[in-house]
Amino acid sequence: MSARPNQESAAQQAETTSPHRAGFACFVGRPNAGKSTLTNALVGQKVAITSNRPQTTRHTVRGIVHRDDAQLILVDTPGLHKPRTLLGERLNDVVRTTWAEVDVIGFCLPADQKLGPGDKYIVKELAGIKKTPKIAIITKTDLVESKALAEQLLAVSALAEELGFEWAEIIPVSAVKDQQVSLLADLIAPLLPESPPLYPEGDLTDEPEMVMVAELIREAALEGVRDELPHSIAVVVEEMLPRTDRPADKPLLDIHANVYIERPSQKGIIIGPKGKRLKDVGTKSRKHIEALLGTPVFLDLHVKVAKDWQRDPKQLRKLGF
């Protein structure tokens, strides 16, 4: 009878002495594969913008997941794609640079879409990265029946075999329904190097606040616009200043931001009839910004034309790319 408490204390001791791990994991996949939604679900808060439009992610957002045994720093990259502009080429460079620097790569494949040429192109590139463990993540499982999911799992396994490597893990998840998201974190953690935490407890991202605010405005601006317009929208926050004449218990943060588009004809689409669309963009993004910063916000938005900025190196630099 006395052996059981000793066994328990030995198990507890083993748990407490297991090394802490910390490192970087990145999600890759073609545009709109659910990478940003998955990052937000793991972190438990919005740190990456999401949209039903492809190619919405332009910055590598580091979302930080704090656990007792590990700290996962999630790098959310743009979707790898066949570039048509200088911006597209630079986004692809960002992806490849990130792959070379992380400890784990998660390949995201939507459950509701067949393996296509874009997926095969990415997995072929991943096959050339020998030392980094790779996990296949079947996303958006809430959109399909179990038979279709099983077929997708088999397809992604067969593709790796065909290219001469093996996935460290294959896992189906639904970020929207919070299914198997914590299990994904459990699978990534042991693949990270032994290390103390790299970021302080409570930090959820290392993105500068102004960049995150600009991304939240851009996310709101992407909603409901024509198919070609998302790639033409950029947002720059010019300044964020506390209103000086406010009492300490009623602060207000003034944010002045410019929404840039490429052609004068696009201005009307963003502003909308009698300014209604731009007003909606301000209302939606302000709610998320206030939640992010924890303070009331006055948001001043202006729409400006930066002619063909996606193809112009000078304009790209000005807009932060």
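The values are calculated or read from the model by the stated rules, or taken from the named source; none is laboratory data. Bear in mind that the values here come from a model prediction, so they are computed numbers and not experimental data. Every residue, glycine among them, receives a Cβ derived from its backbone with ideal geometry; neighbour counts consider all protein chains shown.
Within the stretch 120-158, being among the aliphatic types (A, V, I, L, M) and under 21 Å from V102 (Cβ atoms) holds for I122, V123, L126, A127, I129, I135, A136, I137, I138, V156.
Of all residues in the stretch 157-166, none are outside the structural domain of I271 (by TED's automatic domain parsing), modelled with pLDDT of 85 or more, under 20 Å from the mean Cα position of the chain (by Cα) and of a type in the set (S, T, Y).
Just one of (1) loosely packed, with under 14 Cβ neighbours inside 10 Å; (2) in a loop (DSSP other than H, G, I, E, B) fails for F165. It is (1). Applying the condition of being within 19 Å of G164 (Cβ to Cβ) and acidic (D, E) to the stretch 107-148 and asking which residue is surrounded by the fewest Cβ atoms within 10 Å (Cβ to Cβ) yields E125.
Out of the strands (runs of 3 or more DSSP E) lying entirely within the stretch 19-94, which hold 1 or more residues that are at pLDDT below 80 and buried (at least 21 other Cβ atoms within 10 Å of the Cβ)?
Details: elements: 21-28, 61-66, 70-76.
Passing ranges, in order: 61-66, 70-76.
Which of the residues that make up the stretch 169-203 are part of a loop (DSSP other than H, G, I, E, B) and within 20 Å of the chain's Cα centre (by Cα)?
We begin by selecting, within the stretch 169-203, every residue part of a loop (DSSP other than H, G, I, E, B); these are 173, 175-178, 180, 192-193, 195-203.
Correct list: V173, A175, V176, K177, D178, Q180, L192, L198, Y199, G202, D203.
I'd like the residue in the stretch 264-280 that is touching a strand residue (DSSP E or B) at 6+ places or on another chain (Cβ under 7 Å) and surrounded by 11 or more Cβ atoms within 10 Å (Cβ to Cβ) and, out of all such residues, is modelled with the highest pLDDT.
L278
In the stretch 262-321, which residues are among the hydrophobic types (A, V, I, L, M, F, W, C) and out of contact with any helix residue (DSSP H, G or I) (no Cβ under 9 Å at 6 or more places or on another chain)? Please lay out each step first, then the result.
Let us first name the residues in the stretch 262-321 that are among the hydrophobic types (A, V, I, L, M, F, W, C), namely 269-271, 278, 281, 289, 291-293, 297-299, 301, 303, 305-306, 309, 316, 319, 321.
Passing the criteria: only A291.
Can you report the number of residues in the stretch 181-205 which are within 11 Å of I64 (Cα to Cα) and at pLDDT 95 or above? Residues that pass the stated criteria total 0.
Among the residues making up the stretch 302-314, those that are within 20 Å of A221 (Cα to Cα) and assigned to a helix (DSSP H, G or I) are W309, Q310. Scanning the stretch 116-140 for residues that are modelled with pLDDT of 90 or more, in a loop (DSSP other than H, G, I, E, B) and either among the basic types (K, R) or in contact with a strand residue (DSSP E or B) (Cβ under 7 Å, 6 or more places away or on another chain) (or both) yields T132, P133, K140. In the stretch 275-301, of all residues being part of a helix (DSSP H, G or I) and among the β-branched types (V, I, T), the one that is farthest from A221 (Cα to Cα) corresponds to I289. If the condition is being over 20 Å from A175 (Cα atoms) and under 18 Å from the mean Cα position of the chain (by Cα), then the stretch 101-118 contributes E101, V102, D103.
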